[in-house]
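Q: Below is the structure I would like to discuss, written out as structure tokens.
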Amino acid sequence: MLLNTLFKQFSFHIFAPGTIMREKYEAFKLLLRYDSRCHDQMADFQELLHGRHREDLCRIRKRFTLFSDQVRGMIDSLGTMAPSRYGTLPDYHKKFDFYVIFLLAPPEINIAPPYVVPLEQISSPATEIGNKAINLALLRNEITAPVPDGFAVTANGFHYFVEYNNLRPELDDLLAEVNIDSPHSLAWISKKLTECIKTAVIPPAIEESLLQAFTAMEQKAGREIVVAVRSSAISEDGASSFAGLYSTLLDIGKDQLISSYKSVLSSKYSPEALFYRINQGLGDEETAMSVLVVEMVDAQCSGVLYTRAPLQKTGSEAGDNDHLHLHVIAGQGESLVSGAAVPDQYTMTAQEEPELLHVERKGQPVITEQEAVIIGQWAVKIEKYYNTPQDIEWAIDKNGRLFFLQTRPLHSGKIEGKTDTTVTTGHKVLLSDCERAASGVAAGKIYRVSKKNKLSDVPEGAVLVCRDTPPSYVQVISRLAAVIAEQGSRASHFATVAREFGVPYICGVEQAGDPELLAQGKTVTVDGDTGIVYEGTVKPLLEEAEQRATVSAQEENKLHKILEQALKFVTPLELTEPTADNFSPEGCRSMHDIIRFCHEKSVQAMFATAQPGTGRGSLKLIADIPLDVFLFDVGGGIADTKLKKSVPLASIGSVPFQALWKGLSHPDVQWKKKAFDWEAYDKIELAGGIAPARDSFAFGSYAVIGVDYLHFNIRFGYHFTIVDVLCGDSREDNYCMLRFAGGGGDFDHRALRIDFISTILEQLEFTVEQKGDLLEAKLAGLESSIIQEKLDMLGRLLGATKLMDMVLTDDAMVEQCVAAFFEGQYSFSQEG
């Protein structure tokens, strides 16, 4: 990306007139552009693998298609430069391309009927029906629990809907553009996606099946009914909860059924649902929208029951972990799960005849203790059937009949290793005894949502203070350090998602509305394990929480695993040694190997283009440091045009080369000396023999030089550096660009070296872009004298970094080495 068009001022001085030479040079320039883009794209892939940013699979597929095309472009360019020499190279590209496309491909879809299945006909497994509908059917058919009558619309129906309207190309194009870290992008893409669904036509076969199933329910009930139309997407209510992120429409009559079905389909693309799905590493096709339609329960009261504590505690409170936790509100349960209501809470023993242990009411009782126990009895049966803790939604109608509306695996948080002796003395307690909805400890500055402070503007690492927590807040959850809510409960959908993301969440905090106690911008520490909020940063708590940190969500992410497998055919580099036997098309084991091979062979082809007797051939620098450097002059780079094999430093007329070399050869840059017998070299050459292997071009660095131009590809062991400089009279045209990548250390140690180089370059006023273990830097628009000063320092920096990926151990050491560099230390390893 930062690499400019090479040799732009010297294209008319490179070759003698002739079509073949001109085509070869143009192909070389094109190959270098492809090479630069490919390295950028590989760095982006590695950033996706190792960083926190998430992308939709459609975007990753599009990225890879572009990347693969660029690699193919390098192969074609090399074919122009060296016709018929590497004929098998396209075959290896095709093979790696196939493997990656296969790994990134969406699952096969099925658009065949049936599109509607009654609950009584559903059994497990049922791959085309979502977990919500399956679980409700199992409650009815296997456990004989009371559930409302209903039916499921299959995922096949969703796929057929998309196919019938030819929506897939447009959906994929939009999903390839979404940036989930940008609320604006999320909102805009969401709007476009939902418009696609809402303006499409329901296929007649699906519409007919829906209406027939509704009519059958009315006939069974013997009266007109209204229904709830609920999401039951594939992957919902499983390892990923999608809690509250899709639509549920209530009190729907027959005349509204078709439009309601389409509305639930479109909720698949709400901003919060998009954010959550992509964060979970799930593709669009594998979360196809199945829909559950059930008869409405005219609820007198409703709620949620957890068959285990949603926050697993330790110490004196650990005995509460295995109890039943019942949450109750009057009327429909929507206000409870949306976080808008604070419920009554009942704690019971988890046994066949539950025993009531504790009751916490907000007012008059909503249910009797006997009703609470009956709900508990059913919950014990349900957990026993699934053999895992459950999150159960229920309702009691106005005739006193109990119905179960949903059950799914409980997503609990863990308070592990928490001691009662953590030192917090000296830190002011702002809030205590708050309801703990999601565990963990975090610190940050308070951000209060208001008309002035929009949710979309919440900064990274903020502690969100709000009245309640609607599902829309999920789209910023990855930016939050913690959440403090005036209303809500641990039974809300947001609490479920917060536990999945590891974001501490305390709720039911009446004082959260106090703008002075929790003032905008104030730094606080939220202890979700104890329900306490401290003023300032409590380092002992944060350090203890860090020690208890478990496997990151990224490592458990499905897409992360797919990407890890796919990148095995993209980023590994086997072809590090151009003289090795495996440096051939047959030795390529990844796209990176093909890129490396094409680049190396193209440069060799360019140097082999030299015309004897013109003074423009490949010459070796007689160097004062142990670098084998081959030079190619494009005009004024070498003063003595009569030289044939080697050139002394004094004969180099390239201003930027001399400036950079001045830094590389600085007396305080240590080099491991190796003796070289130039006299023996000349004798061997004159005798028509073969030069020592270490003296071959394949082992060396190379530079294309002009009087004010330098393109220097420097090789230090396992890492490579490209410096591209124009340093002439026109300040506006002058620039210095750098790419640094690779190394012999592991990824973490290479990244530390990149941090070291990046910090120094920024202090030298370079603009720096860092992606994983790739660094690109640019300096432009400066006088020639200033560019030369920067090149001198850059040379010292490159000399200092030779083996630093083997030396640096942590961020603290990076800071020490940066300071030492600016104090004049230019070597940091025994090898120099």
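The values are calculated or read from the model by the stated rules, or taken from the named source; none is laboratory data. Computed from a predicted structure; not experimentally measured. Cβ placement follows ideal geometry from the backbone for every residue including glycine, while neighbour counts extend to all protein chains displayed. Side chains included, ligands, DNA and RNA excluded: accessible areas come from the protein's heavy atoms. Shrake-Rupley method; radii C 1.70, N 1.55, O 1.52, S 1.80 Å.
Q: Which of the listed residues, VAL449, SER472, HIS493, is farthest toward the dipole's positive end in region 445-511, when Lys, Arg count +1 and Asp, Glu count -1 at the beta-carbon?
A: VAL449
Q: Highest mean first, what order results for 777-785, 756-764, 794-802, 221-229 on Cβ atoms within 10 Å?
A: On the way: 777-785: 16.4, 756-764: 19.6, 794-802: 23.7, 221-229: 14.9.
Ranking, from highest mean packing down: 794-802, 756-764, 777-785, 221-229.
Q: Scan region 75-158 for GluC sites (Glu not before Pro) in coil per DSSP, keeping those whose Cβ has at most 15 other Cβ atoms within 10 Å, and list them by number.
A: Values: sites: GLU108, GLU120, GLU128, GLU142; in loops: GLU108, GLU128, GLU142.
Counting only loop positions with at most 15 other Cβ atoms within 10 Å, the GluC sites (Glu not before Pro) in region 75-158 are GLU108, GLU142.
Q: Which residue, PRO365, MET296, ALA340, has the largest displacement toward the positive end of the dipole of region 258-380 when charges sit on each Cβ (Lys, Arg +1; Asp, Glu -1)?
A: Positive-end residue among those listed: ALA340.
Q: With all protein chains present, how much of the accessible area of region 21-86 (probe radius 1.4 Å) comes from carbon and sulfur, to the nearest whole percent?
A: Working: 1320 of 2800 Å².
Looking at region 21-86 in its full context, I get 47 percent from C and S.
Q: Rounded to a whole number, what % of the accessible area of region 204-303 do carbon and sulfur atoms account for, probe 1.4 Å?
A: Working: 1440 of 3080 Å².
The computed percentage sits at 47.
Q: Still on this structure, I have one more. Can you show me the helix-derived [θ] at 222 nm for the chain, built from DSSP H runs with n ≥ 4 at -39,500 (n - 2.57) apiece and divided by the number of residues, rounded to the nearest 500. It would help to have the intermediate numbers written out before the result.
A: Numbers: 22 runs with 290 residues, N = 832.
Value at 222 nm, helices only, nearest 500: -11000 deg cm²/dmol.
Q: Along the charge dipole of the chain, pointing to its positive end and built from +1/-1 on Cβ of Lys, Arg, Asp and Glu, which listed residue (LEU619, LEU30, GLY513) has its Cα farthest out?
A: Final value for the positive-end residue is LEU619.
Q: Which three extents, in angstrom, do the Cα atoms of region 353-413 have along their principal axes, listed largest first?
A: The Cα atoms of region 353-413 stretch 34, 26, 23 Å along the principal axes, largest first.
Q: For region 241-302, what is the relative contact order in percent, using Cα pairs closer than 8 Å and at least 6 residues apart in sequence?
A: Relative contact order of region 241-302: 36 percent.
Q: Further, regarding this structure: Accessible area per residue of the chain at 1.4 Å probe, in Å²?
A: Numbers: 35040 Å² over 832 residues.
Per-residue value: 42 Å².
Q: Next question, about the same structure. Which percentage, to the nearest 5, of the DSSP beta bridges contained in the chain is antiparallel?
A: Details: 95 of 115 bridges.
The antiparallel proportion sits near 85 percent.
Q: Let me ask another. Would you work out the charge dipole size for the chain about its Cα centre, treating the Cβ of every Lys and Arg as +1 and the Cβ of every Asp and Glu as -1, and quote it to the nearest 20 debye? Walk me through the numbers before you get to the answer.
A: On the way: 81 positive and 112 negative charges, 374 e Å.
So the dipole magnitude of the chain works out to roughly 1800 debye.
Q: Region 118-270: percent of C-alpha pairs farther apart than 20 Å?
A: Working: 6296 of 11628 pairs.
Here the long-distance tail beyond 20 Å is 54 percent of all Cα pairs in region 118-270.
Q: Based on the Cβ-Cβ distance from ILE101 to GLU47, what FRET efficiency comes out when R0 is 22 Å, to the nearest 0.05?
A: Approximately 0.55, to the nearest 0.05.
Q: Another question, if that's okay. Can you flag which of LYS62/LYS558; LYS642/LYS802; LYS24/LYS94; LYS132/LYS561; LYS29/LYS620 are past 30 Å Cα-Cα? Display every interim value, and only then the final one.
A: Details: LYS62/LYS558 19 Å; LYS642/LYS802 34 Å; LYS24/LYS94 24 Å; LYS132/LYS561 26 Å; LYS29/LYS620 23 Å.
Exceeds cut-off: LYS642/LYS802.
Q: Also: Along each principal axis of its Cα atoms, how long is region 238-331 end to end? Whole angstroms, biggest number first, please.
A: 54, 39, 18
Q: Place the peptides 467-478, 266-277 in order of packing, highest mean first, counting for every residue the other Cβ atoms within 10 Å and averaging per peptide. Don't skip to the end; give the middle numbers.
A: Numbers: 467-478: 21.3, 266-277: 24.1.
Result, highest mean Cβ count within 10 Å first: 266-277, 467-478.
Q: I'd like the FRET efficiency for LYS381 and SER123, computed as 1/(1 + (r/R0)^6) with the beta carbon distance as r and R0 of 22 Å, rounded to 0.05. Let's see the in-between values first.
A: Working: r = 19 Å, r/R0 = 0.84.
Once the sixth-power term is evaluated, E becomes 0.75.
Q: Please identify which residues in region 558-579 have an amide N closer than 19 Å to a label point set 7 Å out from the Cα of THR88, following the Cα→Cβ vector.
A: 574-579
Q: To the nearest µm²/s, what D does Stokes-Einstein give for region 340-481 at 20 °C and 1.002 mPa s, using the Kirkwood radius over alpha carbon pairs as Rh? Could you put the intermediate results ahead of the total?
A: Values: Rh = 19.0 Å.
D = 113 µm²/s.
Q: Evaluate 2.2 N^0.38 Å with N set to the residue count of region 422-537, then give the Cα radius of gyration divided by it.
A: Numbers: Rg = 12.5 Å, N = 116, 2.2 N^0.38 = 13.4 Å.
Normalised Rg, Cα atoms only: 0.94.
Q: Give me the three principal axis extents of region 26-146 from the C-alpha atoms, as integers in angstrom, largest value leading.
A: So the three principal-axis extents are 75, 32, 18 Å.
Q: Can you order the peptides 525-531, 493-499, 648-654 by their average number of other Cβ atoms within 10 Å per residue, highest first? Don't skip to the end; give the middle numbers.
A: Details: 525-531: 25.9, 493-499: 27.4, 648-654: 17.3.
With the highest mean Cβ count within 10 Å placed first, the list reads 493-499, 525-531, 648-654.
Q: Return the carbon/sulfur percentage of the accessible area of region 330-409, one whole number, probe 1.4 Å, all protein chains in place. If you can, show how the numbers build up before the last one.
A: Numbers: 1850 of 3910 Å².
With neighbouring chains kept in place, the figure for region 330-409 is 47 percent.
Q: If you put +1 on each Lys and Arg Cβ and -1 on each Asp and Glu Cβ, how big is the dipole of region 75-199 around its Cα centre, in Debye rounded to 20? Show your work: numbers first, answer last.
A: On the way: 9 positive and 15 negative charges, 23 e Å.
Rounded to the nearest 20 debye, it is 100 debye.
Q: For the pair ASN110/ARG467, report the inter-label distance in nm, with labels modelled 7 Å from Cα in the Cβ direction.
A: 4.7
Q: For region 754-832, what log10 I(q)/I(0) values come out of the Debye formula at q = 0.15, 0.25 1/Å, with one point per alpha carbon and no solvent?
A: Here log10 of I(q) over I(0) equals -0.53, -1.33.
Q: Okay, next question. Starting from the alpha-carbon convex hull of region 196-291, give the projected area averaged over all orientations, in nm².
A: Values: hull surface 26.7 nm².
With every direction weighted equally, the projected area is 6.7 nm².
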